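K.L.:
Sharing a structure, written as structure tokens. Questions coming.
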Amino acid sequence: MKSKYLLALLLVTLAGCSGFRSREPAAQTYLLTLAPGSAAAAAPASPTLAVMLPRAAPGLDSDRIALQTADGRMSYYSASRWTADLPVVLQTLLIDSLRQRGGWRAVLADGAPFGADLLLQIEVRHFEAEYTGSAAPNAHVLLEATLGQRGSRAIVRTVRAESRVPASADRMSAVVAAFNAALNDALSQLQNALAAPAPGG
């Protein structure tokens, strides 16, 4: 008798679960993209570059889209995501950006089964929408890059790239457009500062 009661209770529970519907809004996924550009040819003796997975400041190492309020509090937009965790997205875009800029014999992801002469490490210090009292936020991107020799790990160059772009409105599509503009500006700064060293340099 007890087993029949438990079976009936289980069936009722499963029936209730099958009709469950979340009241949370479906998450929207947003894509960061590169602006079009033209590539420069690489000399045969140009170095190869491996781009390591970027390191993100606390709160930025996820696929959530971060914001900072006027009183300094950090939060996230609800039901809005990047296409992957931010460091993964930025590594892909940085590799594409440096390939687009040209001058390198090859630009690879660190861990690729090929040797590289130089390593590039990026630290994502800021990648959030800043609300400073105006209705629409500024997209703030700050990347710090370290270029080093792969074998000796000697530092070749350090670069800081920063950009702030105001969103045209306080809606998600406008905020993402501002992020894209700020990111492309920062990547352009990195492209120019990290131009492939001359062979032997």
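The values are calculated or read from the model by the stated rules, or taken from the named source; none is laboratory data. Keep in mind the model is a prediction, meaning the values are calculated, not measured. With ideal geometry, Cβ positions are generated from the backbone for all residues, glycine too; neighbour counts draw on all protein chains shown.
K.L.:
For segment 139-159, does any single residue satisfy the condition of being hydroxyl-bearing (Ser, Thr, Tyr) and within 21 Å of residue 99 (Cα to Cα)?
P.N.:
Taking every residue of segment 139-159 in turn, at least one turns out to be hydroxyl-bearing (Ser, Thr, Tyr) and within 21 Å of residue 99 (Cα to Cα).
K.L.:
Could you please find all residues in segment 102-112 being buried (at least 17 other Cβ atoms within 10 Å of the Cβ) and either β-branched (Val, Ile, Thr) or within 23 Å of residue 56 (Cβ to Cβ) (or both)?
P.N.:
107, 108
K.L.:
Identify all residues within segment 105-121 that are under 10 Å from residue 47 (Cα atoms) and within 18 Å of the chain's Cα centre (by Cα); write none if there are none. Before you say what the answer is, go through the steps one by one.
P.N.:
So the first thing to find is which residues in segment 105-121 are under 10 Å from residue 47 (Cα atoms), and the list is 105-107, 116-118.
Passing the criteria: only 107.
K.L.:
Report whether or not residue 30 is surrounded by 15 or more Cβ atoms within 10 Å (Cβ to Cβ) and either modelled with pLDDT under 95 or hydroxyl-bearing (Ser, Thr, Tyr) (or both).
P.N.:
Numbers: surrounded by 15 or more Cβ atoms within 10 Å (Cβ to Cβ): yes; either modelled with pLDDT under 95 or hydroxyl-bearing (Ser, Thr, Tyr) (or both): yes.
When the stated conditions are applied, residue 30 passes them.
K.L.:
Take segment 63-83 and flag every residue that is under 11 Å from residue 172 (Cβ atoms) and of a type in the set (S, T, N, Q).
P.N.:
Residues satisfying the conditions are 78, 80.
K.L.:
Inspect segment 101-123 for any residue being in contact (Cβ under 8 Å) with a residue 12 or more places away in the chain, within 18 Å of residue 190 (Cα to Cα) and in contact with an Asp or Glu (Cβ under 6 Å, 6 or more places away or on another chain) and give the result as yes or no.
P.N.:
Checked segment 101-123: at least one residue is in contact (Cβ under 8 Å) with a residue 12 or more places away in the chain, within 18 Å of residue 190 (Cα to Cα) and in contact with an Asp or Glu (Cβ under 6 Å, 6 or more places away or on another chain).
K.L.:
For segment 134-170, which residues satisfy the criterion of being among the aliphatic types (A, V, I, L, M), in a loop (DSSP other than H, G, I, E, B) and surrounded by fewer than 18 Cβ atoms within 10 Å (Cβ to Cβ)?
P.N.:
Taking segment 134-170 as the starting set, the residues that turn out to be among the aliphatic types (A, V, I, L, M) are 135-136, 139, 141-143, 145, 147, 154-156, 159, 161, 165, 167, 169.
Adding the requirement that they be in a loop (DSSP other than H, G, I, E, B) leaves 135-136, 154, 167, 169.
Across segment 134-170, the qualifying residues are 135, 136, 154, 169.
K.L.:
Would you mention how many residues in segment 111-133 are more than 30 Å from residue 70 (Cα to Cα) and either part of a loop (DSSP other than H, G, I, E, B) or basic (Lys, Arg) (or both)?
P.N.:
Narrowing segment 111-133 to residues more than 30 Å from residue 70 (Cα to Cα): 111-121.
Those left that are additionally either part of a loop (DSSP other than H, G, I, E, B) or basic (Lys, Arg) (or both): 111-117.
The total comes to 7.
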